[in-house]
Amino acid sequence: MDWPTIFMPSTSIWELLIRGTVLYLAVFAIMRVAGRRESGELNMTDLILVLIISEAASVGIGGEAHSIFDSLIIVVTIVLWSVALDAIGFRWKWASRILKPSPRPLISNGQVNRHTARRELLTMGEIRSQLRQQGIEDIEQVHIARVEPNGTISVVTKE
């Protein structure tokens, strides 16, 4: 076993940092445009972290990378970008509006907001199904329902 080959970087650290940065920011932008329902129950940044880190780590574990250090640099870069974007969104409200989606109104006083339903690709059947899962049989019972940033639908009934 060649220990230096396993632990010493085989690629320029700058190249690995750039690759990790471009990959994270590109996936972040794609997921931000794709919509909330695509990420399911996970927060979008959590989903991106899980997917990209697992892929970056698997390359180092599986021996496809030239060294474990290559994978570690990419993983650290991805985690740092995630923390940095969260910190930026926390620090500046204008950045938060860009980085973190706000809830979208789906139902107001029993009336479905067609624009939001269309934007989120929700059919009436899917909306009714989500309401039934929360114990609501009739849309008329809903005071307000929103599509939350993580893709779930929160509901406040009229009662």
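Brief remarks on what is shown
- Excluding ligands, DNA and RNA, the accessible surface per residue across the range 105-159 is 60 Å² with a 1.4 Å probe.
- Given charges at beta-carbon only (K, R positive; D, E negative), |dipole| of the range 63-159 in Debye: 500 debye
- Peptides 145-155, 22-32 ordered by average Cβ neighbours within 10 Å, highest first: 145-155, 22-32
The values are calculated or read from the model by the stated rules, or taken from the named source; none is laboratory data. None of the values given here were measured: they were computed from a predicted structure. When we count neighbours, we look across all protein chains shown, and the Cβ atoms used for this are built from the backbone with ideal geometry, even at glycine. Side chains included, ligands, DNA and RNA excluded: accessible areas come from the protein's heavy atoms. Shrake-Rupley method; radii C 1.70, N 1.55, O 1.52, S 1.80 Å.
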